[in-house]
Structures are given as structure tokens and as C-alpha cells.
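First the structure, in the form of C-alpha cells, and then the observations on it.
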Amino acid sequence: MPDRVWWPVRGTDGLYRIYDRTQQPRAWLKAVYLPGIPLITQIDDGTVAPTGPADGAFTSSISSPSVVIELLRHLAPEPGQKTLEIGTGTGYTTALLTHRTGDTNVTTIEIDPRLAHHAQTRLHALGLHPHLITGDGEQGHPPNAPYDRILATASVRTIPPAWIDQLRPGGLLLVPLDSPFGHDLLLRLEADGHGQAHGRFIAPVEFMRTRAQRTPRSHVGLGWPPDASPDQWQYLHVTVGPAGQHIHHHASAP
Ligand SMILES: C[S@@+](CC[C@H](N)C(=O)[O-])C[C@H]1O[C@@H](n2cnc3c(N)ncnc32)[C@H](O)[C@@H]1O
């Protein structure tokens, strides 16, 4: 956790207040361990210095402990499994994945060089040495593929084909997908070994988009059914493959 983080809710002055570990160690620690609150670690791609209350778009955060536990519960990585994480951020999820599956089995990609550097420093200080890549996670990392597990901690509007290509048959991809319902939906896909992956949505979530997918697009153009209804997301089934992503109604909830 960085020494200075922003609280994700605006104060009465309209700004996001900052917690400084050196100036308010108890308040900082309490904020860090609150189960349900993500803390903001970067605003406007790092152009805003973490020196005081600020405004702007959130571009990196540390997910709340409860969300990270949910992600890892559904990802269910086993010791020895090769895992790819997209969005290293602070390195917190990377540390847990590495602890679980083993140092050499985790590859993590962060697009922001400064965030990647800080994550490396923290992970090495813990004696953890996953493969740390600075670059565009939408391309995956072919040299270490195939992966048993892929976890995206940034959301997408459309699933990058590289993630499906780099999954082992039977491998799992967990990714927050933008939806027409005003929030993301956590999606769990399983690779079928024939170039496609299939799955269902698990829960409503809120994540930051990957950098290249920040611009809104038509949901129908992204494979959503035109009549998708917000209280029916449990009935949707997703297929991703060479023909793109298709989301369609399924007769039953999981
Ligand atoms: C919610 S944060 C990740 C939280 C992180 N897993 C943690 O435990 O601290 C999302 C991260 O994804 C990164 N990101 C955005 N687009 C990306 C891309 N195309 N490739 C890799 N990382 C990306 C952002 O810079 C940001 O750090």
C-alpha cells in the first residue's frame, strides 16, 4: 500500500481527501484494512501528485480486501498453476497469487511504468519474484503461455482475443466486463480447447477500464442482446472466440 492514498468518495469540498501514513498512521491503517472500500492510488494517469485532496479520474486503485478475496475465490488458483494477472497496480493481488501458486508461476502486466516499478520494489521486499511485465496487458504475455488462470483486475468492454488464445484447455479467465446496466459484471469463462471460451456472470462489480477501452461503445455492437434486462444478468451466457463475443439468454440461472 502506498504511503499516500485517496479516499474514493468526495468530501464536502468536492475533493477526494488523502490519507498520509506518516501524518495519520492510525487513520491510514484503518482505511487500508476496511474490508469494503477500494483506495485510490492514482488519479489522471499519474499527472496528479498525491500531496493533498484532489479531483480527477481514478486510474489505479487497490481493490478492497473483500473484492480481492471474492476474485481469488472464483479464480481458485492451485499451487503450481500458471497464472496471468492484468493490472499489477500496487502488487497486492500479485503477492497473494504468488504466495498461492509459486514465484515462477505468476506473470503480471501493468501498463503504467511508475506503478510497475513501485509494485516491483514492494514484491521484492517481500521476497516474491513473479514475472513483472510493463506493457499492454491486452496482448497477454505469449512467452509464458498457456495459462491455467487469467485474472484481469481492470475491466474491458470487449474481451481481448489474446486472453482466450493464451488459456490452456479447461483454463479459467476471470474478468470484469462492462454491461448495459450501469456497472460491470464479473465474468468467469472456461476455455473449451477449440479456440472458444464459455461462461456466466458472477456478480455486479466496479473496476477501472483498461486504457485502450475507456471510450464507450454500443453494447449491441459488443455482442449484448438488445433486450438485456438489468435483473436478468444471471440468465446470460457468454461465448468468446474467433467470431468475437456473444452474450445470449440462457434458460436457467447457474
Ligand atoms: C484496479 S487497478 C489493479 C489493482 C491491483 N490488482 C492491486 O491489487 O492493486 C487496475 C490497474 O490496471 C492497469 N491497467 C489499465 N490498462 C491496462 C492494460 N492495458 N494493461 C495492463 N494494465 C493496465 C492500471 O494502470 C491499474 O493499475
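The values are calculated or read from the model by the stated rules, or taken from the named source; none is laboratory data. Small disclaimer: the values here were computed from a predicted structure and weren't measured. Ideal geometry is used to build each Cβ from the backbone, glycine not excepted, and the neighbour counts take in all protein chains shown.
Observations
- Some residue of region 23-35 being more than 13 Å from the ligand (Cβ to nearest atom), in contact (Cβ under 8 Å) with a residue 12 or more places away in the chain and farther than 24 Å from L96 by Cα: no
- Qualifying residue in region 104-120 (condition: away from the ligand (no atom under 14 Å from the Cβ), at pLDDT below 95 and assigned by TED's automatic domain parsing to the domain that holds R200): yes
- Flag if L167 is touching a residue at least 12 places away in the same chain (Cβ under 8 Å), under 12 Å from the mean Cα position of the chain (by Cα) and assigned by TED's automatic domain parsing to the domain that holds S218: no
- In summary, E85 fulfils each of the numbered conditions (1) crowded, with 20+ Cβ neighbours inside 10 Å; (2) touching an Asp or Glu at 6+ places or on another chain (Cβ under 7 Å); (3) among the charged types (D, E, K, R) with the single exception of condition (2).
- Taking the listed residues G80, G56, G14, G52, the one that is touching a Gly at 6+ places or on another chain (Cβ under 7 Å), part of a loop (DSSP other than H, G, I, E, B) and either among the hydroxyl-bearing types (S, T, Y) or modelled with pLDDT of 95 or more (or both) is G80, with no other qualifying.
- Contact annotation: residue pairs with Cβ atoms under 8 Å, 6 or more positions apart or on different chains, pairing a residue in region 66-78 that is farther than 18 Å from E190 by Cβ with a partner that is assigned to a helix (DSSP H, G or I) and among the aliphatic types (A, V, I, L, M), are V68/L96.
- Matching residues, region 209-226, being surrounded by 11 or more Cβ atoms within 10 Å (Cβ to Cβ) and in a loop (DSSP other than H, G, I, E, B): T210, R214, R217, H219, G223, W224, P225
- Scanning region 77-103 for residues that are more than 18 Å from the chain's Cα centre (by Cα) and within 9 Å of the ligand (Cβ to nearest atom) yields nothing.
- Count - residues of region 17-49 that are in a helix (DSSP H, G or I) and closer than 23 Å to A154 by Cβ: 5
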